[in-house]
Amino acid sequence: MDIVVIGGGAAGMMAAVAAAGAESSAASGNQVFLIEKNEKLGKKLFITGKGRCNVTNACEVEDFFQNVMEHAKFLYSAVYGFDNRAVMDFFENAGCPLKVERGQRVFPKSDHSSDIIRALERELGRLGVHVLLNTEVRRLRTIPVENGAEAGSSKGGKKKLTCRAGISAIELYDRRTRRKSEMNADRLIVATGGCSYVLTGSTGDGYRFAAECGHSIIPTMPALVPFAVKEDWCHALQGLSLKNVQVSVELDGRQIYNDFGEMLFTHYGVSGPLILSASSHYVHQPGRAGNGTARLLIDLKPALTQEQLDKRILREFDENKNKQFKNVINSLFPAKLVPVMPVLAKIDAGKRVNEITREERERFVRTIKCMELTITGVRDYDEAVITKGGVATSEVSSSTMESRLVRGLYFAGEVLDLDALTGGFNLQIAWSTGYLAGISAAC
């Protein structure tokens, strides 16, 4: 039996390893092919975690599901069958030592994502997987059936079809020789990723394949992505990183996100770990996020209550009565923030602190505790870590990752309508769904 995996990313490589390593493959002599249109495997994996690759998260498995934005129950079989501990054991046994850092984030000890890719490549070689690089899948061929036949081997949710029952072959295009060819595919795993980081090859091919086979595609949006904001003064803070701040997001007056951590100002708005997580909550709002009024609120001094902060500022003012306001607040903020804060608080920067009124001081305190920005939207796919949306999970068996519509067709990774917060959770989805699809296809 020929098992073909489309996509040489995290989910695809793991699917190929699982399919080739399954006991059923060894017994029946399955041939496993991994097809990648780039010149090498793992191009997106190489840049994840700023090149360090946050492999997974060492949290309790039950806590993992709290970080999945939607359809967490769909992942139960996949994750419990190949959880974060199994992923860590896999890479350790494949010769890539790991370490656990703050927030239970797991990285290779070397801090090089290339070591994760090499570990997978070694396993692919050891198991005899045939890797075809620079090879693009142009089209899937399906087996026609009589009207009324049913497809799919998973329980429940079967959908009556009139034109297809299974995969027969795929059309290929060699990007080096520019030659077309065809390959048999008894079982096919689509692990082509989403739309984020287009330069790595994530161009949404899997959505087209799935749609051509009758699957529903949930509309996609960039997720884990920076925010664009309205205020011009934000641009003056470009490059400024703030640690230990509290960030909340309100949409139409309702708080949809609140957390503590690190953020970054950019030439277009804001980014950083806090903002990326906030954006996923934002794009998952009912309807298309951004139709309403969205506000980003930043507490620059979350460790202090408003009253405690007011007392601290009063002390600063008493000790520096004859100094200008802009010179006194130097000790409170990073240098880039100093010229911006008087403007936001509507206080003359050259005013002596002994002339500042109580009303002005209270306004300054409120500005520190609630710096406000207007969110105009999110950046595009080129800056998104992952894609929200994709192949509808209701049309895929959660126990096998097989299509409920087409026999022998499986999905894994970001091509599915699955996404999670930062911290290694999205890669865990890729490993778990890839593994389940691989062993299921080999049966």
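Identify all residues within segment 398-413 that are of a type in the set (S, T, N, Q) and either at positive phi or surrounded by fewer than 24 Cβ atoms within 10 Å (Cβ to Cβ) (or both); write none if there are none.
Ser398, Ser399, Thr400
Using the structure shown, decide if Asn327 is more than 23 Å from the chain's Cα centre (by Cα) and either part of a loop (DSSP other than H, G, I, E, B) or over 19 Å from Arg363 (Cα atoms) (or both).
Considered against the rule, which asks whether it is more than 23 Å from the chain's Cα centre (by Cα) and either part of a loop (DSSP other than H, G, I, E, B) or over 19 Å from Arg363 (Cα atoms) (or both), Asn327 comes out as no.
Can you find a residue that is assigned to a helix (DSSP H, G or I) and either assigned by TED's automatic domain parsing to the domain that holds Val249 or surrounded by 17 or more Cβ atoms within 10 Å (Cβ to Cβ) (or both) anywhere in segment 282-289?
Yes.
Please identify the pairs in which a residue from segment 416-443 that is at positive phi has its Cβ atom under 8 Å from the Cβ atom of a residue that is part of a loop (DSSP other than H, G, I, E, B), counting only partners at least 6 apart or on another chain.
Listed pairs, sorted by first residue: Gly423/Asn54; Gly424/Asn54; Gly424/Val55.
Residues in segment 342-350: is at least one assigned to a helix (DSSP H, G or I), surrounded by fewer than 19 Cβ atoms within 10 Å (Cβ to Cβ) and at pLDDT 95 or above?
Yes, there is a match, as at least one residue in segment 342-350 is assigned to a helix (DSSP H, G or I), surrounded by fewer than 19 Cβ atoms within 10 Å (Cβ to Cβ) and at pLDDT 95 or above.
Has segment 350-366 got any residue that is among the charged types (D, E, K, R) and outside the structural domain of Asn320 (by TED's automatic domain parsing)?
Checked against the condition, which is being among the charged types (D, E, K, R) and outside the structural domain of Asn320 (by TED's automatic domain parsing), segment 350-366 yields no hits at all.
Can you tell me which residues in segment 44-74 are in contact (Cβ under 8 Å) with a residue 12 or more places away in the chain, among the basic types (Lys, Arg) and not in a loop (DSSP other than H, G, I, E, B)?
Answer for segment 44-74, where residues must be in contact (Cβ under 8 Å) with a residue 12 or more places away in the chain, among the basic types (Lys, Arg) and not in a loop (DSSP other than H, G, I, E, B): Lys44, Lys73.
Can Ala384 be described as farther than 29 Å from Leu296 by Cβ and either surrounded by fewer than 21 Cβ atoms within 10 Å (Cβ to Cβ) or touching a Leu at 6+ places or on another chain (Cβ under 8 Å) (or both)?
So Ala384 fails the test.
Please enumerate the residues belonging to segment 390-424 that are assigned to a helix (DSSP H, G or I) and more than 27 Å from Leu127 (Cα to Cα).
Thr393, Ser394, Glu395
The values are calculated or read from the model by the stated rules, or taken from the named source; none is laboratory data. Predicted, not measured: the structure shown is a model, and the values here were computed from it. Heads up, the Cβs are rebuilt from the backbone with ideal geometry, glycines too, and the neighbour counts pull from every protein chain shown.
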